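These notes are about the structure you will find just below.
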Amino acid sequence: LLEKRYPNIKVIQSGVKQLKSDEHKIFTEDGKEYMYEKLCLCAGAKPKLIFEGNPYVLGIRDTDSAQAFQKNLAQAERIVVVGNGGIALELVYEIEGCEVIWAIKDKAIGNTFFDAGAAEFLIPKLTTEKRETPIECKRTKYTMEGSEEKEGPIAASDKLGSALGPDWHEGLHLKGTKEFSHKVHIEILCEVKKIHLQQEFIQLQRTSLTFPKEEKHVELDEVLWPVYVELTNGKIYGCDFIVSATGVVPNVKPFLDGNNFAVGEDGGLKVDKHMRTSLPDIYAAGDICTASWEPSPLWHQMRLWTQARQMGWYAAKCMAADTLGESIDMDFSFELFAHVTKFFNYKVVVLGKYNAQGLGLDHELMLRCTKGQEYVKVVMQSGRMMGAVLIGETDLEETFENLILNQMDLSAYGEDLLNPDIDIEDYFDT
């Protein structure tokens, strides 16, 4: 399809077996080799599974494993979700008709994106019985062309399919065997200690817990489950399967052997401000790379679909400019961190140092919250706006983006900055 649209592109459908950077050669798994003038590595990242090789532990990492998850969920009565990032947040909200035990290592949900206040604002949505009409997310939609259903076992294969993208659960029917809507119980400040298969659990003569009810007293579970999860807080829950949504690690393995790449602390290939790795003529973009330039004070790297896309686009421009011997300025998208998504059917916008990342104690927070409607948090330092979290239809993202970028001194406005009776958009309209 791509080749038809763009005759200058040739698509090779094969994995990379080896890279010989000194010879400018790539060797593929189908036994072929290719010479390159310039190479860009965009192999993404793979999930950090809590336990590798366990058939009851499912990682949702790409479109294929999302399909496998849907199939397994259709037969499930209870699942355990481990992790507290974007995928876990979307998952627990989207699942219907299945009990969900959600184990997080933090004090509050969504720690990657929110503080405890925003988490508190979102929690009531998990207990609503009535399914809401999904809000429209006004941004580019990403869909798959010509993807066929494949029959697959419980765990998806080792081959990575295409990345999930922000709309991964659209079109998936995430429903278990029961008739209720949401049923989520959150276990905070804990991790998975051990996973027991049914036979092993019976031999150990341990006891597991039922799905917790409103009353505080704990009941022992009489049901036999295929797998049991023992948490570090001492509790054990039986379930049909476990979803591991505990983040990703850069997928560098096929490229490191015999190549002296500079690698970042997070395991990514270090790249400079023109997306070049430490080896000549090799660039990297997206989740596989670690941004190693001096970043703008308002930007930080996060392994997100939006950022990977921006990096890929910018890397292509850098490669073209280098080939033509032209200079190129840093792309504007690296000036300010900005991410738009949807959690619990709310529009969510995070800007700049939205959780006061790296600002030390010398900052203050301003909040505005209307229960069930909107949550606005602004991070201020020396009278200047450094970041913001906007949940709900606030219509403040453009104004705040400009105020963060131009670093205007807002000391004079004080609390009025978030006064709902003042049309701030109009006031700062430029």
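Annotations for the structure displayed:
- Yes/no for VAL57 being touching a strand residue (DSSP E or B) at 6+ places or on another chain (Cβ under 8 Å) and within 24 Å of LYS213 (Cα to Cα): no
- Some residue of the stretch 24-33 being in contact with a Pro (Cβ under 7 Å, 6 or more places away or on another chain), modelled with pLDDT of 90 or more and of a type outside the set (D, E, K, R): no
- Within the stretch 1-21, the set of residues being free of Cβ contacts under 8 Å to residues at least 60 places away in the same chain and open to solvent by 100 Å² or more (accessible area, probe 1.4 Å) comprises LYS4, ARG5, TYR6, PRO7, ASN8, LYS10, GLN13.
- For ASP115: the one exception among (1) at pLDDT 90 or above; (2) within 17 Å of the chain's Cα centre (by Cα); (3) more than 27 Å from LYS175 (Cα to Cα): (1)
- Flag if LEU390 is touching a helix residue (DSSP H, G or I) at 6+ places or on another chain (Cβ under 8 Å) and under 24 Å from ASN84 (Cβ atoms): yes
- Residues located in the stretch 24-45, provided they are touching a strand residue (DSSP E or B) at 6+ places or on another chain (Cβ under 8 Å) and either open to solvent by 80 Å² or more (accessible area, probe 1.4 Å) or outside any strand (DSSP E or B) (or both): HIS24, GLU29, GLU33, MET35, TYR36, LYS38, CYS42, ALA43, GLY44
- Yes/no for PRO280 being open to solvent by 30 Å² or more (accessible area, probe 1.4 Å), in contact with a Ser or Thr (Cβ under 8 Å, 6 or more places away or on another chain) and in contact (Cβ under 8 Å) with a residue 60 or more places away in the chain: yes
- Residue within the stretch 355-375 that is more than 18 Å from GLU120 (Cα to Cα), open to solvent by less than 20 Å² (accessible area, probe 1.4 Å) and either aromatic (Phe, Trp, Tyr) or not in a strand (DSSP E or B) (or both) present: yes
- All conditions but one from (1) open to solvent by less than 50 Å² (accessible area, probe 1.4 Å); (2) more than 20 Å from ILE109 (Cβ to Cβ); (3) out of contact with any Ser or Thr (no Cβ under 7 Å at 6 or more places or on another chain); (4) modelled with pLDDT under 95 apply to PRO212; the one that does not is (2).
- Qualifying residues in the stretch 322-354 (those that are touching a residue at least 12 places away in the same chain (Cβ under 8 Å) and part of a helix (DSSP H, G or I)) - the one most open to solvent (accessible area, probe 1.4 Å): THR323
- Condition check for VAL249: of a type in the set (A, V, I, L, M), part of a strand (DSSP E or B), open to solvent by 10 Å² or more (accessible area, probe 1.4 Å) and in contact (Cβ under 8 Å) with a residue 40 or more places away in the chain: yes
- Test: residue in the stretch 370-379 that is at pLDDT below 95 and more than 25 Å from the chain's Cα centre (by Cα): yes
- Test for ASN259: is it buried (at least 16 other Cβ atoms within 10 Å of the Cβ), in contact (Cβ under 8 Å) with a residue 12 or more places away in the chain and either of a type outside the set (Ser, Thr, Tyr) or assigned to a loop (DSSP other than H, G, I, E, B) (or both): yes
The values are calculated or read from the model by the stated rules, or taken from the named source; none is laboratory data. If you're wondering where the values come from, they're calculated on a predicted model, not measured in any experiment. Please note: Cβ atoms are built from the backbone with ideal geometry, for glycine as well, and neighbour counts cover all protein chains shown. All accessible areas refer to the heavy atoms of the entire protein, side chains included, with ligands and DNA or RNA removed. Shrake-Rupley method; radii C 1.70, N 1.55, O 1.52, S 1.80 Å.
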